Amino acid sequence: MNRISNLLKRKWIKWSLIGVAAVIAFFVILYFSIYWGAFGKLPTKEELSSIKQEQATQVLDKNGKLIGKYYIFDRQPLKFNDFPKHLIDALIATEDVRFFEHDGVDNVSLVRVFVKNIILQDKSAGGGSTITLQLAKNLFGRKDYAMFSMLINKFKEAIIAKRLEDIYSKNDILTMYFNTVPFSDNTYGIESAAQKFFNKTTSELTTTEAATLVGTLKANNYFNPRLNIQRSQDRRNVVLNQMVKYGYLAEDSLDMLQNEKLVLNYRSFNHDLGLAPYFREQVKKELSAILDSIKNPEGEPYDLYKDGLIVHTTLDSDMQKLAEEAMKEHLSQLQIDFEKSYGNNAPWETNERIIETAMKNLPKYKAYKEAGLSEKQIQDSLAKKRPIELFGWKGDTIKTVTLKDSLQHYLKFLNTGMLAIEPKTGAIQAYIGGIDYRFFKYDHVSQSERQVGSTFKPFVYTAAIENGMKPCTYFSLAEVTYKNYDDWTPTNSGTTEEDPYINYTLEKALSHSVNTIAVKVLDKVGIPKVHEQVKKLGIAKELPNQPSLALGVAEINLRQLTGAYASYLNEGKAVKPYAITKIEDRHGNIIASFKPKVVMEEAYSNYTREVMLEIMKSTVNSGTAARLRSTYNLKNDIAGKTGTTQNNKDGWFVGLTPNLVTVTWVGNDNHSIGFKTTAMGQGANSALPIFAKFYQKLNGESNYNSITNAKFKTPSPQVLEDLNCEPEKRDGFFKRLFGRKKKTKRFK
């Protein structure tokens, strides 16, 4: 006792003990101040027992395949039984080998870390963090407390970890961990990571794939397999070694697994990338409107980005993939031909008016203008070079260019829109809003309105037949000048002069898209009746009240046009294309469901429908769309209509098969830039090939036999009889002798 007393009299020992006591007191006081909420309220056991994590909304196709997500944190939850054993083994062996022995804080590991890491300076000792501690961090994050932040956060996590261990089983903790842990590329949860890096579900992960993903947890950016596959593979092999070391993997399989090449099947769910980005964006817009009127059980609005909703859509992801492939194959080649046709006189290079107008519409230009900069200051700012990523069909590039250079680069690109729907329901099967969503955000299916050209003519002919005109009515090819419309004289496309004494039936006139006759048919039936007919087809917008209406000067949305054409396959009833079938909450409860929006009123009789369908079959078999047979060798039952607008600005094709309606459009986003020639810009050359290549691909897939092998029903005997006439006839001698080549009249 005296000896201890003597030792305490020594100052250095006395002060050392006081220092140790102070440190211990500091830690104790800090711990309990954290425990009692001095640095922010800690979650209680009751709150922890009902953890609700933010979850991504999943977008599924018609067959339940994941096609996209809306999220702040990319997370999809799974149940414990969804995790393969080798995934759990990889995690335990690498991150927390004593997981099943500790109560959330591994004191043995902490002692090891203290001795090896701090005293012996052995950095290989690890950090002593357990899976439960990591879960606490994943669930509640960390805050910056200025002083002692790391210590405070560690204490908070330790307290939460112990509470989690008191509430949940080890399996539950593993489940929560896998559902919340951050992987590479802003991906949260193992299911999202498996889908993103390997395009498969978690349950399908192989041992090496599971080890790869677990390996990224050490530093998810540094070991990101997308950025550095070799580094990720090396880290994967470390995980495999750990599995062998702790008895989770047989040693004799190690060499084989470590020599296995790491192969990714990367599938980004970034909204700008991946399958059907324009469709997913449109679905998001529709969801935002729908969710405004739906409340969750707590009476609050659902959050599209956090509440883990499951959105079922009509899209066929396999068909969408084929459609996108067809579009890219055609547009990439058409772009080459388009640029070559202009040579050195390309309007995006030489037409200053077009360039200047486009420049003034740029958001950057408008921002400078609103900021009060002079024109010279604006031009100087826009003339500064900067690195810009530029789209190209052969691959994107980053170049240091001015904003004007970038503008001119994008002005040259042709764009597209394509929609394929079920004719009886309007269910959208494939949806392409443009050539690349990353660079061209404008959606040519749902947002755009363009002149529809000759695709409007069937509506004129439908109105005529519905109002009593016989299919074998003949009209002359001769041009007519309409005095009451500024002496307007519609002409037919083509370079050869036509015989004005030749007369075509309605079938030949429409199948060969004859402009002069389309206007004459409109004149005969009357503009008001055509307006009325089009309105019955679900196109509600105000249409031009002039004879050029017959030639498609009206600007109509592609989505509405597709729904109107569906009527020829749906007993005369138009449909409204729709995308969402039902919405479920995170637990699978249906919170909203949607039925097809069919316009119930028949727009015209079945007789008219059958006549029009026969005429549009002729368009494919012997008319303006005949290259579907001759060039693309399609044997399917197809009806259709090509369309080309004034100055070759827009090319269209409508393809009708018994169980699918497909509409394609091609043109330049800038209305001042059209095709150089009609031969290139006509719908049969610019838009039809997308449909043709699409159907070639469908024909190669047996699971689409119900579409590709479908046959049109034989029309009624009356329809066949009424169409049984010579397609053309020539005026007799006296009519030719006393008739005039060009006539002048007033339009009704």
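The values are calculated or read from the model by the stated rules, or taken from the named source; none is laboratory data. Remember, predicted model here, so these are calculated numbers, not experimental data. When we count neighbours, we look across all protein chains shown, and the Cβ atoms used for this are built from the backbone with ideal geometry, even at glycine.
Which residue, of L254, L291, L275, is aliphatic (A, V, I, L, M) and within 30 Å of N415 (Cβ to Cβ)? Talk me through it step by step, then tell me what you get.
On the way: L254 fails: within 30 Å of N415 (Cβ to Cβ); L291 fails: within 30 Å of N415 (Cβ to Cβ).
Every option except L275 fails the conditions.
Give the residue, chosen from S686, S706, S716, that is more than 22 Å from F456 (Cβ to Cβ), in contact (Cβ under 8 Å) with a residue 12 or more places away in the chain and within 31 Å of the chain's Cα centre (by Cα). Before the answer, list the steps.
Details: S686 fails: more than 22 Å from F456 (Cβ to Cβ); S716 fails: within 31 Å of the chain's Cα centre (by Cα).
None of the others qualify; the one that does is S706.
Working carefully through the options K424, K399, K394, find the one that is basic (K, R), at pLDDT 90 or above and outside any helix (DSSP H, G or I). Before the answer, list the steps.
Numbers: K399 fails: at pLDDT 90 or above; K394 fails: at pLDDT 90 or above.
Sole residue among the options that is basic (K, R), at pLDDT 90 or above and outside any helix (DSSP H, G or I): K424.
Taking the condition of being in contact (Cβ under 8 Å) with a residue 24 or more places away in the chain and assigned to a helix (DSSP H, G or I), how many residues in the range 532-555 meet it?
Total meeting the criteria: 9.
Need the failing condition index for S513 against (1) in a loop (DSSP other than H, G, I, E, B); (2) crowded, with 24+ Cβ neighbours inside 10 Å; (3) out of contact with any strand residue (DSSP E or B) (no Cβ under 7 Å at 6 or more places or on another chain), just the number.
Failing condition for S513: (3).
Among K470, K441, K520, which is the only one that is charged (D, E, K, R), outside any helix (DSSP H, G or I), at negative phi and more than 41 Å from the chain's Cα centre (by Cα)? Spell out how you get there, then give the answer.
Values: K441 fails: more than 41 Å from the chain's Cα centre (by Cα); K520 fails: outside any helix (DSSP H, G or I).
So the residue among K470, K441, K520 that is charged (D, E, K, R), outside any helix (DSSP H, G or I), at negative phi and more than 41 Å from the chain's Cα centre (by Cα) is K470.
As an exercise: evaluate C472 against (1) exposed (fewer than 15 other Cβ atoms within 10 Å of the Cβ); (2) touching a strand residue (DSSP E or B) at 6+ places or on another chain (Cβ under 8 Å) and give the number of the one condition it does not meet.
Every listed condition holds for C472 apart from (1).
Can you pull out every residue in the range 624-638 that is among the β-branched types (V, I, T) and either within 22 Å of T714 (Cβ to Cβ) or buried (at least 20 other Cβ atoms within 10 Å of the Cβ) (or both)? Spell out the reasoning first.
To start, the set of residues in the range 624-638 that are among the β-branched types (V, I, T) comprises 624, 631, 638.
Result: T624, I638.
Could you list, in sequence order, the residues of the range 639-667 that are over 18 Å from A564 (Cβ atoms) and crowded, with 20+ Cβ neighbours inside 10 Å? Working first, answer last.
If we filter the range 639-667 for residues that are over 18 Å from A564 (Cβ atoms), which is where we start, we get 644, 646-649, 651, 666-667.
Result: T644, N648, G651, V666, G667.
Any chance the range 346-357 includes a residue that's surrounded by 13 or more Cβ atoms within 10 Å (Cβ to Cβ), under 27 Å from the mean Cα position of the chain (by Cα), part of a loop (DSSP other than H, G, I, E, B) and not assigned by TED's automatic domain parsing to the domain that holds I590? If you could, list the steps in order and put the result at the bottom.
Taking the range 346-357 first, the residues surrounded by 13 or more Cβ atoms within 10 Å (Cβ to Cβ) are 346-349, 351, 354-355.
Right, trim to under 27 Å from the mean Cα position of the chain (by Cα) and you get none.
No, the conditions are met nowhere in the range 346-357.
When you check I72 against the structure, is it at pLDDT 70 or above, more than 26 Å from E209 (Cβ to Cβ) and either in a strand (DSSP E or B) or not acidic (D, E) (or both), yes or no? Break it down into steps so the answer makes sense when it comes.
Values: at pLDDT 70 or above: yes; more than 26 Å from E209 (Cβ to Cβ): yes; either in a strand (DSSP E or B) or not acidic (D, E) (or both): yes.
Yes; evaluated as a whole, the condition is true for this residue.
Residues in the range 644-659 that are touching an Asp or Glu at 6+ places or on another chain (Cβ under 8 Å), assigned to a strand (DSSP E or B) and modelled with pLDDT of 95 or more: how many? Let's see the steps before the verdict.
Of all residues in the range 644-659, those touching an Asp or Glu at 6+ places or on another chain (Cβ under 8 Å) come to 644, 657-659.
The next check asks that each one be assigned to a strand (DSSP E or B); those that pass are 644, 657.
Checking which are modelled with pLDDT of 95 or more leaves us with 657.
So the count comes out to 1.
Would the range 163-178 turn up any residue that is assigned to a helix (DSSP H, G or I), at pLDDT 90 or above, surrounded by fewer than 23 Cβ atoms within 10 Å (Cβ to Cβ) and out of contact with any helix residue (DSSP H, G or I) (no Cβ under 6 Å at 6 or more places or on another chain)?
No.
With the checklist (1) at pLDDT 90 or above; (2) assigned to a loop (DSSP other than H, G, I, E, B) in hand, flag the one item L227 doesn't pass.
Failing condition for L227: (1).
Taking L720, is it of a type in the set (A, V, I, L, M), farther than 30 Å from S341 by Cβ and surrounded by fewer than 16 Cβ atoms within 10 Å (Cβ to Cβ)?
Values: of a type in the set (A, V, I, L, M): yes; farther than 30 Å from S341 by Cβ: yes; surrounded by fewer than 16 Cβ atoms within 10 Å (Cβ to Cβ): yes.
Spelling it out, L720 is indeed of a type in the set (A, V, I, L, M), farther than 30 Å from S341 by Cβ and surrounded by fewer than 16 Cβ atoms within 10 Å (Cβ to Cβ).
Hey, A463 hits all of (1) at pLDDT 95 or above; (2) of a type in the set (G, A, S); (3) outside any helix (DSSP H, G or I) but one; which does it fall short on?
The one condition A463 does not meet is (3).
Looking at L254 and the list (1) surrounded by 15 or more Cβ atoms within 10 Å (Cβ to Cβ); (2) modelled with pLDDT under 90; (3) outside any helix (DSSP H, G or I); (4) not charged (D, E, K, R), which single condition is not satisfied?
(3)
Within the range 179-235, take every residue that is basic (K, R) and closer than 20 Å to L249 by Cβ and give me the one that is surrounded by the fewest Cβ atoms within 10 Å (Cβ to Cβ). Walk me through how you get there before you give the answer.
We begin by selecting, within the range 179-235, every residue basic (K, R); these are 196, 200, 218, 226, 231, 235.
With closer than 20 Å to L249 by Cβ added as a condition, the list becomes 218, 235.
On the way: K218: 13, R235: 23.
Among residues in the range 179-235 that are basic (K, R) and closer than 20 Å to L249 by Cβ, the one surrounded by the fewest Cβ atoms within 10 Å (Cβ to Cβ) is K218.
Can you name the residue in the range 372-401 that is small (G, A, S) and closer than 16 Å to F413 by Cβ and is also surrounded by the most Cβ atoms within 10 Å (Cβ to Cβ) among such residues? So that I can check it myself, show each step before the final result.
Restricting attention to the range 372-401, the residues satisfying the condition of being small (G, A, S) are 372, 374, 381, 383, 392, 395.
Right, trim to closer than 16 Å to F413 by Cβ and you get 392, 395.
On the way: G392: 14, G395: 6.
It comes out as G392.
Residue by residue through the range 682-717, note down the ones that are surrounded by fewer than 11 Cβ atoms within 10 Å (Cβ to Cβ) and aliphatic (A, V, I, L, M).
Residues satisfying the conditions do not exist here.
What are the pairs with Cβ atoms under 7 angstrom where one residue, in the range 179-202, is among the acidic types (D, E) and the other, located anywhere, is crowded, with 23+ Cβ neighbours inside 10 Å? Sequence gap at least six, or different chains.
D185/K196; E191/Q76; E191/T202
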